[in-house]
């Protein structure tokens, strides 16, 4: 199965950290990078908005995306959070294998 990088913006580091920790602990993601200082300009409900956000780069395996999406939606405060998955077409084979192994359902 392919590895995905999932992009998700959050309103602040508290929300970003909670989502990151939850999805890694629940084996829905192998790794989440939190990138602070993102400035987002977007159209929403008839107006243009500009906000400071934290960008999550979530690494997971394609078969885990649906469960990841549901968990992020449950934890995220936005009415319509950004959640975009991009398929990884190339990468370090050992790293990609680690991502797949890290999100495999536990044998417990």
Could you work out [θ]222 nm for the chain from helices alone, using -39500 (n - 2.57) per DSSP H run of at least four and dividing by all its residues? Round to the nearest 500 deg cm²/dmol. -10000 deg cm²/dmol
For the chain, find the longest principal axis of its Cα atoms and tell me its angle to the long axis of helix 65-75, 0 to 90°, nearest 10. 40
Here the FRET efficiency for residue 78 versus residue 27, based on Cβ atoms and R0 = 25 Å and rounded to 0.05, is 0.55
Tilt, helix 13-25 to longest principal axis of the chain (alpha-carbon atoms), in degrees rounded to tens, equals 20
Cα pair count fraction exceeding 20 Å, expressed as % - the chain: 39
Quick check: the angle from helix 93-103's long axis to the longest principal axis of the chain, C-alpha only, nearest 10 degrees? 80
Would you mind ranking 58, 35 so that the residue whose beta carbon has the fewest other beta carbons within 10 Å leads the list? 35, 58
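Taken together, the values in this text are just the output of simple stated rules run on the coordinates, not laboratory data. In this text, all values refer to a predicted model and were calculated from it rather than measured experimentally. FYI the Cβ positions are ideal-geometry reconstructions off the backbone, even for glycines, and counts take in every protein chain you see.
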